[in-house]
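Only one structure is covered here, and it is reproduced in the block below.
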Amino acid sequence: MSNSRTLTLGRAVREAVHHEFKVNPKVFMMGQDIFKMGGVFGTAEGLGELYGPERVIDTPISETAIVGAAAGAAMAGMRPIVDFAYVDFIAVCFNAIVNYAAKTHYMSGGQYKMPMVLLLSTGGGYSNGAQHSQSLHGTLAHFPGAKVVCPTNAYDAKGMMHTALRGDDFVIFMSSIATVGMMMLGTPIKGTLSNVPEEPYEIPFGVARIYREGTDITLVGTGVNIHQCMEVAEILEKEGVSCEVIDPRTLVPLDREAIFKSVKKTGRLVVADEDYHSYGVTGEIITSVVEIDPTVLKSAPKRVACADVPIPFARPMEEECLPSTKRILAAAREALK
Amino acid sequence: MQLSKDQRLWIYDQMITSRYLEEDLIQIYLEGKQPVFDWAAGPLPGEMHLSYGQEAVGPGLAICLDNTKDWVHAGHRPHHVAIAHGVHFNEMVAELLGKKTGLCKGKGGHMHLYDARVKFAASSIIGEQMPAAVGMAMQCKMEKTGGIAVSVTGDGGANQGSFHEALNFAAIQKLPYVAVIEDNNWAISMSKAESTAVARNSDRGSAYGIPGEYVKGNDPEKIMVACQKAVDRARNGGGPSIVEIETYRFMGHFFPDPGAYIPQEEKDSWTDCTVEYRKHLLEQGVVKEAELDALEKTVKDKIATAVKFARESDFSPNSEIYTQVFTDA
């Protein structure tokens, strides 16, 4: 009998991690400030007291060594989680992620598996500046060899963390900070809260979630932007427009079929993603539709993403850069013309 | 550590296996690349970083290790280390030629040699081997395997950030890890004195509170003594250490780099570890000339067999490019 409670996304992830720690001695975590503090985003809360410093390892500020060591430990059969805090820091240890962890299984002809999870927090919207506000979904999804998953609600997050920790692949687990439900960002977004069963469950990668079915326009969103798409859907519903809202949930593998099927039905497409506008997820999703059959579109597809600028600090300037319900709504109206 | 005759012959065997293989590799490498040199041409494409001259490091290290529990992670100049650690030889040569019978089905090649059966890995971004080996050492400690992990990096790689981060982290965690630095004095065309702020990378151990030892002379038995100390320390819970080994890179950075930037006096000072060790075995009365001749013939036959196997094997079908990106596809 399932026992359900409403959890934040962060709490749901933590629950999955706790469970896998309990049942699998090969699972361990490394990262900055996880043992005493439970991690900057609370992902390791309570873990240190239960499992001690040998399995919940506080590390120095050495991203190259930490990610590289996690990869080596994974090759040796362990199942490390790297609590990496801000996605922006991938630039510090880029080689370890994209050349080492992502490629070793392939280069070795399958001899060495890479069962590690790189836990990243993404996104801005709270004036943390250009080097602490990025999303970088596109950057990480671009390199073959890592599964890139980005759940947007608590239910998906828990299931996907179980899948990640039980699978044998390198998984980059990205959570938009605005969806995690941590206290530093005020009240959690309602759409991120879910009824979450106590027992473990898995959610397969490569399957999109249809947040809302509709017939007139397809809105695809990642991270916090899916919840903005849902707000847009509510607004447009009052105007007699029926929106289909899709969350890909995973960027690698990407459920291109579900997105194409939806656009074939609606004929109109808006993609919202907080990563930079150019060379990213929005372009990828639009192309995924157009390269199959451009004639399914009744109007030009629209992308709503972060302006191609380093993200400025001042609140009004940052708001101007980032996608928002208002910008997605404007794009939808354009696409509906 | 008193070595038996068999152990000494084993050491010599590992060195000449690497040496004779590379002499063949040079010929194979040049096939298709003359008169116009093209990396992409011929049965052995790509860059080729020969261990020629550095062979002593392979068995000097490997004799201290047990490849059923000890990890070795090498870099872009891996042949001698791989051979001595017990990497499956025919499959290694097949991998160099990119065949489906190769260690990695042709997906890795010369700079990315892996043999999980003997806990060996080698990859090509300089310095990345060190954190990875530290991670392998973590597994040894966490699962109490009694094993250790060793990385093999060059004097150039010792200036990478990964060197410093890996050693610092391994020291704090007191991991069963040994950082071997092969000092052939050259990082492509940059000498150690030009690139490194201290005289020896073994001295850098003090920056991390760990011991470092420098081994001169490119002699496999001297290398063994230093490695054994570091290995024992790691295995007994004493934490990591650095073993820096003087050696000589005869064939330039990649073949056919003539190493014109190396002063002639330096080249003249090099000794050939295969020649020296052979002389040493005879002088010490360890073995007779005829036994060495016989061993050398055996090794040459082994190499001929491996090369034939590699040449006669097929490439993986092209559809294989999509496999093993992940474990489930």
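In the set B:Gln54, B:Gln27, which member is surrounded by fewer than 24 Cβ atoms within 10 Å (Cβ to Cβ) and either closer than 25 Å to B:Arg278 by Cβ or modelled with pLDDT under 95 (or both)?
That would be B:Gln27, the only listed residue that is surrounded by fewer than 24 Cβ atoms within 10 Å (Cβ to Cβ) and either closer than 25 Å to B:Arg278 by Cβ or modelled with pLDDT under 95 (or both).
I'm trying to understand the selection: among the residues of segment A:312-337, which are assigned to a helix (DSSP H, G or I) and small (Gly, Ala, Ser)?
The answer is A:Ala330, A:Ala331, A:Ala332, A:Ala335.
If I filter segment B:71-91 for residues that are more than 11 Å from every other protein chain (Cβ to nearest Cβ), of a type in the set (S, T, N, Q) and part of a loop (DSSP other than H, G, I, E, B), do I get at least one hit?
No.
So which residues in segment B:284-329 are in a loop (DSSP other than H, G, I, E, B) and either away from chain A (no Cβ under 14 Å) or surrounded by fewer than 14 Cβ atoms within 10 Å (Cβ to Cβ) (or both)?
The answer is B:Gln284, B:Gly285, B:Val286, B:Val287, B:Lys288, B:Asp314, B:Pro317, B:Asp328, B:Ala329.
What number of residues within segment B:142-173 satisfy the criterion of being farther than 20 Å from B:Ser202 by Cα and more than 7 Å from chain A (Cβ to nearest Cβ)?
So the count comes out to 5.
Checking B:Lys144 against (1) assigned to a helix (DSSP H, G or I); (2) of a type in the set (D, E, K, R); (3) surrounded by fewer than 24 Cβ atoms within 10 Å (Cβ to Cβ), only one condition comes out false. Which one?
(1)
Looking at (1) touching a residue at least 24 places away in the same chain (Cβ under 8 Å); (2) not in a helix (DSSP H, G or I), which one does A:Val309 not meet, given that it meets all the others?
That leaves (1) as the condition not met.
If B:Gly212 satisfies all but one of (1) closer than 20 Å to B:Val81 by Cα; (2) buried (at least 20 other Cβ atoms within 10 Å of the Cβ), what's the number of the condition it fails?
Against the list (1) closer than 20 Å to B:Val81 by Cα; (2) buried (at least 20 other Cβ atoms within 10 Å of the Cβ), B:Gly212 comes up short only on (1).
Condition check ((1) in a helix (DSSP H, G or I); (2) touching a Leu at 6+ places or on another chain (Cβ under 7 Å)) across all residues:
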| residue | (1), (2) |
| --- | --- |
| B:Leu3 | no, no |
| B:Tyr12 | yes, yes |
| B:Ile28 | yes, yes |
| B:Phe37 | no, no |
| B:Ser51 | no, no |
| B:Gly58 | yes, no |
| B:Thr68 | no, no |
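Return the residues of segment A:146-159 that are touching a helix residue (DSSP H, G or I) at 6+ places or on another chain (Cβ under 6 Å) and either part of a helix (DSSP H, G or I) or within 12 Å of chain B (Cβ to nearest Cβ) (or both); say none if nothing qualifies.
A:Val148, A:Ala154, A:Ala157, A:Lys158
Of the conditions (1) among the hydrophobic types (A, V, I, L, M, F, W, C); (2) part of a strand (DSSP E or B); (3) more than 14 Å from chain A (Cβ to nearest Cβ), B:Ala193 satisfies every one except a single condition; which number is it?
Single failed check for B:Ala193: (2).
Give me a count of the residues in segment A:56-81 that are of a type in the set (A, V, I, L, M) and not in a helix (DSSP H, G or I).
6
Select from segment A:1-30 the residues that are assigned to a loop (DSSP other than H, G, I, E, B) and not aliphatic (A, V, I, L, M) and list them in ascending order.
Correct list: A:Ser2, A:Asn3, A:Thr8, A:Asn24, A:Pro25, A:Lys26.
Which of the residues spanning segment A:56-97 are out of contact with any helix residue (DSSP H, G or I) (no Cβ under 8 Å at 6 or more places or on another chain), hydrophobic (A, V, I, L, M, F, W, C) and within 11 Å of another protein chain (Cβ to nearest Cβ)?
A:Ile61, A:Phe94
Find the residue count for segment A:115-143, including only residues that are in contact with a strand residue (DSSP E or B) (Cβ under 8 Å, 6 or more places away or on another chain), within 14 Å of chain B (Cβ to nearest Cβ) and outside any strand (DSSP E or B).
3
Go through segment A:245-276 and give me each residue that's within 17 Å of the chain's Cα centre (by Cα) and either free of Cβ contacts under 8 Å to residues at least 40 places away in the same chain or within 12 Å of A:Val304 (Cα to Cα) (or both).
A:Val245, A:Ile246, A:Arg256, A:Val271, A:Ala272, A:Asp273, A:Glu274, A:Asp275, A:Tyr276
Which condition does B:Gln139 not pass, out of (1) touching a Cys at 6+ places or on another chain (Cβ under 8 Å); (2) of a type outside the set (Asp, Glu); (3) within 14 Å of chain A (Cβ to nearest Cβ), if it passes all the others?
Every listed condition holds for B:Gln139 apart from (1).
Which residue, of A:Ile203, A:Ile217, is hydrophobic (A, V, I, L, M, F, W, C) and touching a Lys or Arg at 6+ places or on another chain (Cβ under 6 Å)?
The unique qualifying residue is A:Ile217.
Hey, A:Ala154 hits all of (1) out of contact with any strand residue (DSSP E or B) (no Cβ under 6 Å at 6 or more places or on another chain); (2) within 28 Å of A:Tyr211 (Cα to Cα) but one; which does it fall short on?
(1)
Need the failing condition index for A:Gln111 against (1) within 14 Å of chain B (Cβ to nearest Cβ); (2) within 15 Å of A:Pro80 (Cα to Cα); (3) touching a helix residue (DSSP H, G or I) at 6+ places or on another chain (Cβ under 9 Å); (4) not β-branched (Val, Ile, Thr), just the number.
So the condition that A:Gln111 fails would be (2).
Starting from residues that are at negative phi and of a type in the set (Gly, Ala, Ser), keep the ones in segment A:192-217 and report whichever is nearest to the chain's Cα centre (by Cα).
Restricting to residues being at negative phi and of a type in the set (Gly, Ala, Ser), the top hit is A:Ala208.
In segment A:114-138, which residue that is without any contact (Cβ under 8 Å) to a residue 60 or more places away in the chain and surrounded by 20 or more Cβ atoms within 10 Å (Cβ to Cβ) is farthest from B:Leu103 (Cα to Cα)?
A:Leu120
Name the single residue that is nearest to the other protein chains (Cβ to nearest Cβ) among those in segment A:31-55 being surrounded by fewer than 22 Cβ atoms within 10 Å (Cβ to Cβ) and assigned to a helix (DSSP H, G or I).
The selected residue is A:Tyr51.
Out of the residues in segment B:261-283 that are among the β-branched types (Val, Ile, Thr) and in a loop (DSSP other than H, G, I, E, B), state the one that is surrounded by the fewest Cβ atoms within 10 Å (Cβ to Cβ).
The extreme case among them is B:Thr271.
I'm trying to understand the selection: among the residues of segment A:75-111, which are among the hydroxyl-bearing types (Ser, Thr, Tyr) and crowded, with 24+ Cβ neighbours inside 10 Å?
Hits for segment A:75-111 are A:Tyr100, A:Thr104, A:Ser108.
So in segment B:96-133, with the set limited to residues that are touching a residue at least 60 places away in the same chain (Cβ under 8 Å), crowded, with 24+ Cβ neighbours inside 10 Å and facing chain A (nearest Cβ under 10 Å), which one is farthest from A:Thr104 (Cα to Cα)?
B:Gly102
Can you give me the ranges of the helices (runs of 4 or more DSSP H) entirely in segment A:177-282 with at least 1 residues that are of a type outside the set (A, V, I, L, M) and not assigned by TED's automatic domain parsing to the domain that holds A:Val13?
Here the list reads A:225-237, A:256-266.
The values are calculated or read from the model by the stated rules, or taken from the named source; none is laboratory data. Because the structure is a prediction, the values reported are computed rather than measured. Note that each Cβ is placed from the backbone with ideal geometry, even for glycine, and that neighbours are counted across all protein chains shown.
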